[in-house]
Each structure stands twice: as C-alpha cells, then as structure tokens.
Amino acid sequence: MAAVDLVRERSELTGWVPQGPITAGGSGRLLAAADGWLAVSLPRRDDLDLLPAWLGADPVDPADDRVPWPEVAARLQGRSATEATAAGQELGLAVAVVADETRRRAGDEQLEARGTLDPGTVHLRSVAGSPGPPRRVEELRVVDLSSLWAGPTCARLLARAGADVVKVESSTRPDGARLGNRDFYERLHSGQGEQAVPFETEAGRAELRRLVAEADVVIEGSRPRALDRLGIDPAAVVAARPGAVWLSITAYGRTGPWRDRVGFGDDSAAAGGLVAWTADRHPAFVGDALADPLTGMVAAALVARAVRDGGGVVLDVALREVARTAASGAVPTW
C-alpha cells in the first residue's frame, strides 16, 4: 500500500473531506482570534460541557451534542490566540495556534525545550536499556496500547511486515475509533490479536505491566501523567528487557512544557503549519487529520530502524513535529 493510499483511506471509506476551515469529520474548525488563527477540535460530548469555563459560553443542552460553532467563533475573535490556547488546554481541550510561515520558522518554547527547532527533526531517541542483537520486524512481538489513527497505523504497518501485534485496550474505555467507520477500524487492526484489560483495577494494571514487560516493542499514545497513574515507566520497561523499544506518539511530545497538551490529527497538523492559505490569508485544512497517518508511517520506519540497530531505546514522536516537517519540506533526520 502506497503512502498516499494510507493518507486517503479514511476519506475514501467515509466520504469525509475537509471543507476549507472545517475538518473532514466536522468536529473541528479553524477560527480567527484577535492576533492569529486557532485550530479547535471538539469531538467528544464532554468537550461541550467545558465551553462555559473556557469561553464563558452558554451551557449546552445535555440532550444536544451539536457544537455551537457560531458562538465559539464569536467569543474567540477578541482573545489572544496564545492565551485562548493555554486556557483551553488547561481544561483538556484540543486547541492549538495555527502556525503560519512566520510562527513555523520562529519555533516556540516547546520546540526549544525539546531541542527540535530544526524542522527536519521528527523524533527524539533516548537510550534507556541494553541493546540486543539486530532483529527483523517479523521476529517481533508488539503490544499496541494506542488508539484512534496514528499509533494503529504504525502497528498495522509492522503487522503487514510480519510482526506479531496484539492490541491492548481498557475494558471500560476502549478505543474511541470503534465508534467510527467499522470498515476503517477493521482495516487498521486486521490480522492482529486483541486483549481487553480493566485498567482501573490493581489486577488489571498488573496484567498490563506484564504484557508490556514481555513485549519487544510497545506502542502507546498516552500523555505522561496517564502512564504514571498506571504505574508504568517507559524507560524502566526498556531497561528491564535488552533490545526492547518503546514508541510514544503524542500530540506535542513526552517532554517540554506542552507534554500534557491534548491534540488530534487535524489540530496537530495545523499547529505544525500543515494547512493551505487562501489569497486573503485564511487557513484551510488540506486533508483528513493528516498528522495521524503521516506520523504512523514515520513511527513504523523508526521502529524498524531501532530494532535493526539492537533497540534499547525510547522513541518520542510528536504529531505536531511530523506535520511541521511535512509543511516545511525539510528532509527528516532519522
């Protein structure tokens, strides 16, 4: 399957395509702030309950799951883009400043803290354990704790290359992608094992720790504090198993002041500057959640290289940084 097919696949199955400032699935918008543009994704019903705290908006009827986009847009117009983003993120909302060329070239505190100001940097790699012998992908047992699209794309590509992949998810909070297009979900996870674990119980957390301890590769997409609650330290897992590889895919990376920020494929792409600009300098989406499939492909290549080199590493991949590399046309540093 060609890369372009992976990027287009969900749109071809669902018929979803972006409409200028509206995401392909309709749950996000590009909205004007006083001094820039914001990418706002509100795909969860719980997001609507946070609008009063974020914007002072009127409460949404509990029986109504429609986002009051006109009111959201009106209340953002007079606010600083940076301030509105910080306030939304503090509540757990996926809000990002759209990176125009000036912002993309200048960088920000997160890129500076991570040492990823170079637009060719698509990941951070830290040695956490002892290397093992070089291995081929078909020799690997992969535990995939990720959800939605980016991590599962990586797992899918590794499975197609011969790896033994098992998808592990919470028995009480399963992958939200199960609620989307069924054909797309099945394509992402075809040929993989599945295991549901009750993360909220001590026995479940112990089982989860056992599964990751026995894996050659672990894929996850949790913010650092979520792993802390589960009693899992990626570096310790890698240190305990020679040759292991831990792959973390998050919106903004595992390190830096934005490490606990929320992001989905559309807003993370916009945060990286992967948007089009109209003649009157309005941004527009250029694909369906592009940061997700692009990051999944990059991550699969990074894992394959890491195991070939003996592993013993934690790979930290950020959706926003992969999108930034694509938007800038930079040659990725592997």
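Choose one of 84, 285, 192: the residue whose Cα lies farthest towards the positive end of the charge dipole of the chain (beta-carbon charges +1 Lys, Arg; -1 Asp, Glu; about the Cα centre). So the residue we want is 192. For the chain, DSSP calls about 45 percent of its internal beta bridges antiparallel. Dividing the Cα radius of gyration of the stretch 1-44 by 2.2 N^0.38 Å, with N the residue count, gives 1.42.
Positive end of the dipole of the stretch 81-198 (Cβ unit charges, origin at the Cα centre): among 172, 107, 95, the Cα lying farthest that way belongs to 172. According to the Cα-based calculation, Rg over Rh for the chain is 0.96, with Rh computed by the Kirkwood formula. Charge tally around residue 309: other residues with Cβ under 12 Å, Lys/Arg +1 each, Asp/Glu -1 each, net +4.
Its alpha carbons considered, the stretch 1-160 gives a radius of gyration followed by a Dmax of 19.7, 59 Å. Extents of the stretch 127-256, taken as max minus min of Cα coordinates on every principal axis and listed largest first, are 41, 33, 31 Å.
Multiplying each eigenvalue of the alpha-carbon gyration tensor of the stretch 239-334 by 5 and taking the square root yields semi-axes of 29, 14, 10 Å, largest first, rounded to whole angstroms. Ligands, DNA and RNA left out, the 1.4 Å accessible surface of the chain is 51% carbon and sulfur atoms. Once you have a ≥ b ≥ c as the square roots of the Cα gyration tensor eigenvalues for the stretch 59-117, tell me rounded if a/c is under 1.5, and otherwise prolate or oblate according to whether a/b is larger than b/c. In terms of gyration-tensor shape, prolate. Relative to the longest principal axis of the Cα atoms of the chain, the long axis of helix 202-213 makes an angle of roughly 70 degrees. Calculated mean residue ellipticity at 222 nm for the chain: -11000 deg cm²/dmol, from DSSP H runs with n ≥ 4 weighted as -39500 (n - 2.57), summed, divided by the residue count and rounded to 500. Summing Cβ point charges (Lys, Arg +1; Asp, Glu -1) relative to the Cα centre of the stretch 130-169 gives a dipole of roughly 100 debye.
Counted by Cβ distance under 10 Å from residue 268, the other residues give a net charge of -1, where Lys and Arg count +1 and Asp and Glu count -1. First check a/c for the stretch 187-309, with a ≥ b ≥ c the square roots of the eigenvalues of its C-alpha gyration tensor; if it is under 1.5, answer rounded, and if not, answer prolate when a/b is larger than b/c or oblate otherwise. It is prolate, given that a/c is not under 1.5 and a/b is the larger ratio.
Packing, as the average of other Cβ atoms within 10 Å across residues, places the peptides 51-60, 86-95, 291-300 in the order 291-300, 86-95, 51-60, highest first. Dividing the mean sequence gap of close Cα pairs (under 8 Å, 6+ apart) by how many residues the stretch 213-334 holds gives a relative contact order of 32 percent. Charged neighbours of residue 253, selected by a Cβ distance under 11 Å, balance to +3 (K, R count +1; D, E count -1).
Which angle from 0 to 90°, rounded to the nearest 10, does the C-alpha axis of helix 150-160 make with the longest principal axis of the chain? Tilt of helix 150-160: around 40 degrees.
The values are calculated or read from the model by the stated rules, or taken from the named source; none is laboratory data. Just so you know, these numbers come straight off a predicted model, no measurement behind them. With ideal geometry, Cβ positions are generated from the backbone for all residues, glycine too; neighbour counts draw on all protein chains shown. These accessible areas exclude ligands, DNA and RNA; they are computed on the full protein's heavy atoms, side chains included. Shrake-Rupley method; radii C 1.70, N 1.55, O 1.52, S 1.80 Å.
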